[in-house]
């Protein structure tokens, strides 16, 4: 059966991004992924140059290339940029680029969110980078421990750059994680059940889950910290009930998962490209999946192993020590399974396999020193010495940079349509590998010999000279290797030999056409195997001839199937948005808002907040009315699927729960801060003379409960096809919501001034947090109300109402924890 | 090759004591070094196993393993080995004493107060009931006795580490941490701050002298005495300059009316070997240079450069300080 | 939740969630017990509670794993691996209070 002539052109037109500068409005996953990766390598280059400055300064004792001020900015920015602006985004970019191709999807389910994530990342990164340009870069270390980074000891704008820039990039990370989670769960090709899902998707799923739980503590910490710096709310000030160690907990609650957030996707890339060059399916696929899940969870339970010397109870140290060494088991399984895949296969030793070798050697060494530092007494020796510098670079460069470079080489033909050079690849690899070890191996010794980290100079005569000189020489070699490797790739992008389809003989879907067309798949295939191109004879021909799902754009729509989470049964038809300026404009407004906070121009910040609100509402407002949309589309000959938009099980529904999980992690971090300070901070319990329960605080509970009930009644009305009831109950919900907020604001005025004590500050953050969520829910409900009056919604199509109801309920549930913390806790503190 | 003589020179130059955890002088450092060697041997075995697997996989393309032996390799290397070794290492690490010490343990206690960017040591007065004996940047401890350090900070977070004696413990505002360390043999070591604390984190070292009991007692009595009266006209003039320039508002010189408490106690400055928290030898020229150009030598230190003083004034001041034995 | 999602949840997420719950419970319990001075009681309350909690959670993880491992194919095998890993992990997290000095 042949497809109609002109269908392919129509498909191309439906998926094309505009040319020229208007390409900035593109939302397709491949331009976005490529922009992510290129931007990440831009920041990588700058952070790498900073590393060379560090090694130049430390090459000999008493060196004066950099003064202390410059050095502190340089090492802080090196770490901050490498971790926040390179390591995570480059892998998010790789996933954005590759995942839909591997999963047999035409795009991510929320293309605009993906684009928004990129612009947030770019603007956050540029804000951070601008600090370096004006010479006021953060200088308190990438972990910015207070009180050194507090207003008293860091009065300048430096630390604010960190807090604002990093938070912006973190928001991008969370947005990307929501997008990727839903993509993996809901947009796989029909038939690609969990058991057939490629390993990279498994690893990204685990990673996205970790980002959703691991980033919020830092986002919360940064908000608290900025409140302390800007308005003197004392969360970390010991004299007023704060505790600097609270910051360390929040930072490492993020910081340790972060290491695995960087490592897991990189291993996922390896587990995908190693089988190709070994010509052997990944050995022990199931174990690898179990290990990815295992590492993801275990990594959440060992944050305090960065804090052994802080003086937390020895019992707790033993816990974290035990949990830390446990990670060695899933890590060991992954490393050995990768070796075994090569060892069982018929490997072709091209550059990617060399980088896999580099990963194995370097990461194993980093893992072994990791087991060492997980042991408390040894860590008390190694902590904050050059030993840890060596350890973390073995883990991060071995565990992430080497796999990423191998992956670049491997997927270069898919991205550019041209073959990378094996010569520059191999020369580059050996320079990188040898240079890396010359650089970092000696630092193990330097650290044990007592040289601290983060020192801009060191005296002669303590036995640190030869190793530092050697490290500096190795860093130059490493830089040269990078130059040759990346230069070779850049050259290949323009001058390389053109590739035919699937040059490596790979088994996964991204190689059906090389490079893939803008719509990825002429038709979305039905998947029956983990390596469909190896096992499903005739698959390529079928896809290229349009046999499968949605070969026809049906009037220029961007159609793609959405499937069920476990078995990937086609469930509905996604109708994805095309190019739009909304993500860029919204992110730019957020950037203005953050810059306003940064320079303490609060009028600008408030204007930015209002503009951001408008921009989001404009973004969320649907471009077509429900009755203009088809109910169903023909997904395959003879198979009609409902349109996802407004459908009660659309991927947006999944996204709601994923988002609420991340938000709950944010709120849990806030509650943790409260209980932590209560349990451990000096000046607690606060000196409360008399506790009273203000009547507005209690009365407010009534409209809150009423508003939730009204929201649910609104949903019940539309289920019964009662649009008037929907409008009426939404109006009631909004009205009671406003009453609640007014009473809430009134009650807040009776609370103590936030700068008095950490408890007062936390009480204010808690009620504002809850009020903000209710405002978001009210905005959703307001939009639903407006749409209902325009004739939208039906009993089987009212997702916006369902989401508003759930979010409203969530906002109210926040107060179940919030009300006792804000209004009842003082009764416990009365002395 | 032309670098070699330079390197040798640098190695010989030396600067006041050993700062290496690889040369333990105390029980905690020695146990920890043992633990490190244990993990090192475990690592060697793991590396050998990985190396075998890697050689088979990457270098012997003709020699392929079947699924079953490979499965055993992954299970053995990834599960069985760590499942045996890790608990053993964990138990070993729990068995050796950690350097933390509790509040109520009745050991001899020295207060260590960290300041940006120097160290203050407060000893109990050998005369019962006397005020604590305060000194800076040079720690004297008796050999063979467990010493409990009460770790405090006056500003940001610092970390107290004497690598030859044992593990490090942080000093955190609002908290009091304790470390319990012992030196087994007399000697001179070097300790430093190991938590990034700002501009001069790199130059925040101190000297540790472990002395035999009797010698330590003598030192303690000497240290408890007030400062010596200045001898000679220059030193007396120096004392006047010291007072006039307001040095006493930060520094203390016991018995000379200077009672500042936010900078190193100078009562027995001349007995110390280095100044500026371990960065300069204690000589006339370093003293004058330091006073006149603190911010050039240690930019970011909390002492301003007294560059308004003339050469003779600086020398007089240095003469006074050199008399504070 | 449809039936396959429920079994996927039980196979892949229940054991780690039980582990996380146990971790938090033990950590919070020991912290509070130390704050309230329970470790100075004559009966080793802290150790007994932690050991009991650990045994209970390990048993729960193993029970879930047994159901999982009976499933054919991918979920059975992967879920079995996840279950065993987290049964071991729960055990290891429960060990320190029995080995190390409590409340120091």
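So, in region A:301-315, exactly how many residues are at pLDDT below 90, more than 7 Å from every other protein chain (Cβ to nearest Cβ) and part of a helix (DSSP H, G or I)? Don't jump to the end; show me each part of the working.
Applying the first criterion (at pLDDT below 90) to region A:301-315 yields A:301-305, A:311-315.
With more than 7 Å from every other protein chain (Cβ to nearest Cβ) added as a condition, the list becomes A:302-305, A:312.
Subsequent filtering for residues that are part of a helix (DSSP H, G or I) retains A:303-305.
Counting residues in region A:301-315 that are at pLDDT below 90, more than 7 Å from every other protein chain (Cβ to nearest Cβ) and part of a helix (DSSP H, G or I) gives 3.
For region C:36-50, state whether one or more residues are surrounded by 21 or more Cβ atoms within 10 Å (Cβ to Cβ), over 15 Å from the mean Cα position of the chain (by Cα) and touching a residue at least 12 places away in the same chain (Cβ under 8 Å).
Narrowing region C:36-50 to residues surrounded by 21 or more Cβ atoms within 10 Å (Cβ to Cβ): C:46, C:50.
Checking the rest, the ones that are also over 15 Å from the mean Cα position of the chain (by Cα) come to C:46.
Adding the requirement that they be touching a residue at least 12 places away in the same chain (Cβ under 8 Å) leaves C:46.
Yes, region C:36-50 contains at least one residue that is surrounded by 21 or more Cβ atoms within 10 Å (Cβ to Cβ), over 15 Å from the mean Cα position of the chain (by Cα) and touching a residue at least 12 places away in the same chain (Cβ under 8 Å).
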May I ask you to verify whether residue A:280 is outside any helix (DSSP H, G or I) and either touching a residue at least 60 places away in the same chain (Cβ under 8 Å) or more than 21 Å from the chain's Cα centre (by Cα) (or both)?
-> yes
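Listed here are the residues, each with its yes/no results for (1) outside the structural domain of residue A:270 (by TED's automatic domain parsing); (2) in a helix (DSSP H, G or I); (3) over 20 Å from residue A:400 (Cβ atoms); (4) free of Cβ contacts under 8 Å to residues at least 40 places away in the same chain.
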residue: A:94; (1), (2), (3), (4): no, yes, no, no
residue: A:100; (1), (2), (3), (4): no, yes, yes, no
residue: A:106; (1), (2), (3), (4): no, no, yes, no
residue: A:116; (1), (2), (3), (4): no, yes, yes, no
residue: A:122; (1), (2), (3), (4): no, yes, yes, no
Residue check, residue C:93 within 9 Å of chain A (Cβ to nearest Cβ), crowded, with 17+ Cβ neighbours inside 10 Å and modelled with pLDDT under 85 = no
Residue list for region B:172-194, filter: within 12 Å of another protein chain (Cβ to nearest Cβ), assigned to a loop (DSSP other than H, G, I, E, B) and touching a residue at least 40 places away in the same chain (Cβ under 8 Å) = B:176
Over region B:35-71, the set of residues at the interface with chain A (Cβ under 10 Å from one of its Cβ atoms) and closer than 30 Å to residue B:169 by Cα is B:35, B:36, B:38, B:39, B:40, B:42, B:43, B:44
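Among the helices (runs of 4 or more DSSP H) lying completely within region A:621-725, list those that include at least 2 residues that are in the same structural domain as residue A:757 (by TED's automatic domain parsing), surrounded by 17 or more Cβ atoms within 10 Å (Cβ to Cβ) and over 33 Å from the mean Cα position of the chain (by Cα).
Working: elements: A:651-680, A:695-699, A:701-719.
The helices (runs of 4 or more DSSP H) meeting that bar are A:701-719.
The rows are residues; the columns are (1) part of a strand (DSSP E or B); (2) modelled with pLDDT under 95; (3) buried (at least 24 other Cβ atoms within 10 Å of the Cβ).
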position: B:120; (1), (2), (3): yes, no, no
position: B:127; (1), (2), (3): no, yes, no
position: B:139; (1), (2), (3): yes, no, no
position: B:145; (1), (2), (3): no, yes, no
position: B:159; (1), (2), (3): yes, no, yes
position: B:165; (1), (2), (3): no, no, yes
position: B:170; (1), (2), (3): yes, no, yes
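Only one of B:294, B:267 is in contact (Cβ under 8 Å) with a residue 12 or more places away in the chain, out of contact with any helix residue (DSSP H, G or I) (no Cβ under 7 Å at 6 or more places or on another chain), assigned to a helix (DSSP H, G or I) and under 25 Å from residue B:153 (Cβ atoms). Can you tell me which? Full working, then the answer.
On the way: B:267 fails: assigned to a helix (DSSP H, G or I).
Answer to the selection: B:294.
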Filter result for residue A:218 (more than 13 Å from every other protein chain (Cβ to nearest Cβ), closer than 30 Å to residue A:183 by Cα and part of a helix (DSSP H, G or I)) = yes
Test residue C:61 against the stated conditions and say whether it is assigned to a helix (DSSP H, G or I), facing another protein chain (nearest Cβ under 10 Å), out of contact with any strand residue (DSSP E or B) (no Cβ under 6 Å at 6 or more places or on another chain) and surrounded by 19 or more Cβ atoms within 10 Å (Cβ to Cβ).
-> no
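When you look at residue A:265, is it in contact with a helix residue (DSSP H, G or I) (Cβ under 9 Å, 6 or more places away or on another chain), surrounded by fewer than 23 Cβ atoms within 10 Å (Cβ to Cβ) and either assigned to a helix (DSSP H, G or I) or in the same structural domain as residue A:327 (by TED's automatic domain parsing) (or both), yes or no?
Details: in contact with a helix residue (DSSP H, G or I) (Cβ under 9 Å, 6 or more places away or on another chain): yes; surrounded by fewer than 23 Cβ atoms within 10 Å (Cβ to Cβ): no; either assigned to a helix (DSSP H, G or I) or in the same structural domain as residue A:327 (by TED's automatic domain parsing) (or both): yes.
The answer is no for residue A:265.
On the basis of being part of a helix (DSSP H, G or I), under 30 Å from residue A:235 (Cβ atoms) and touching a residue at least 12 places away in the same chain (Cβ under 8 Å), does residue A:610 make the cut?
Details: part of a helix (DSSP H, G or I): yes; under 30 Å from residue A:235 (Cβ atoms): yes; touching a residue at least 12 places away in the same chain (Cβ under 8 Å): no.
For residue A:610, the condition - part of a helix (DSSP H, G or I), under 30 Å from residue A:235 (Cβ atoms) and touching a residue at least 12 places away in the same chain (Cβ under 8 Å) - is not met.
Here are C:30, C:82: which of them is under 30 Å from residue A:529 (Cα atoms), touching a helix residue (DSSP H, G or I) at 6+ places or on another chain (Cβ under 6 Å) and part of a helix (DSSP H, G or I)?
Values: C:30 fails: under 30 Å from residue A:529 (Cα atoms).
Within the list C:30, C:82, the selection yields C:82.
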What is the number of the single condition among (1) in a helix (DSSP H, G or I); (2) more than 18 Å from the chain's Cα centre (by Cα); (3) under 16 Å from residue A:26 (Cα atoms) that residue A:112 does not meet?
-> (2)
Index of the failed condition, residue B:109 passing every other in (1) part of a helix (DSSP H, G or I); (2) touching a residue at least 40 places away in the same chain (Cβ under 8 Å) | (1)
Across region B:77-93, which residue is nearest to residue A:337 (Cα to Cα) among those that are more than 8 Å from chain A (Cβ to nearest Cβ) and free of Cβ contacts under 8 Å to residues at least 12 places away in the same chain?
-> B:80
Within region A:371-456, helices (runs of 4 or more DSSP H) holding 2 or more residues that are surrounded by fewer than 24 Cβ atoms within 10 Å (Cβ to Cβ) | A:386-396, A:402-416, A:422-448
Only one residue in A:76, A:56, A:45, A:64 is over 25 Å from residue A:583 (Cβ atoms), surrounded by 24 or more Cβ atoms within 10 Å (Cβ to Cβ) and assigned by TED's automatic domain parsing to the domain that holds residue A:273, so which one is that?
-> A:76
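Does any residue of region A:271-284 turn out to be over 30 Å from residue C:33 (Cα atoms) and facing chain C (nearest Cβ under 10 Å)? Before the answer, list the steps.
Going through region A:271-284, the residues over 30 Å from residue C:33 (Cα atoms) turn out to be A:271-284.
So of that shortlist, the ones also facing chain C (nearest Cβ under 10 Å) come out as A:284.
Yes: region A:271-284 contains one or more residues that are over 30 Å from residue C:33 (Cα atoms) and facing chain C (nearest Cβ under 10 Å).
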Can you give me the number of residues within region C:68-79 that are in contact with a helix residue (DSSP H, G or I) (Cβ under 7 Å, 6 or more places away or on another chain) and more than 10 Å from chain A (Cβ to nearest Cβ)?
-> 4
Would you confirm whether any residue within region A:651-667 is away from chain B (no Cβ under 14 Å) and either touching a strand residue (DSSP E or B) at 6+ places or on another chain (Cβ under 9 Å) or at pLDDT below 95 (or both)?
-> yes
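Between A:463, A:450, which is in the same structural domain as residue A:58 (by TED's automatic domain parsing) and modelled with pLDDT under 95? First the steps, then the outcome.
Details: A:450 fails: modelled with pLDDT under 95.
Unique residue meeting the criteria: A:463.
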Tally of residues being surrounded by fewer than 17 Cβ atoms within 10 Å (Cβ to Cβ) and in a helix (DSSP H, G or I) across region B:297-319 = 2
Quick one: residue A:291 ticks every box in (1) assigned to a helix (DSSP H, G or I); (2) more than 22 Å from residue C:73 (Cα to Cα) bar one, so which box is it?
-> (2)
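The values are calculated or read from the model by the stated rules, or taken from the named source; none is laboratory data. These numbers were taken from a predicted model, which means no experiment stands behind them. No Cβ is skipped: glycine too gets one built from the backbone with ideal geometry, and neighbour counts run over all protein chains shown.
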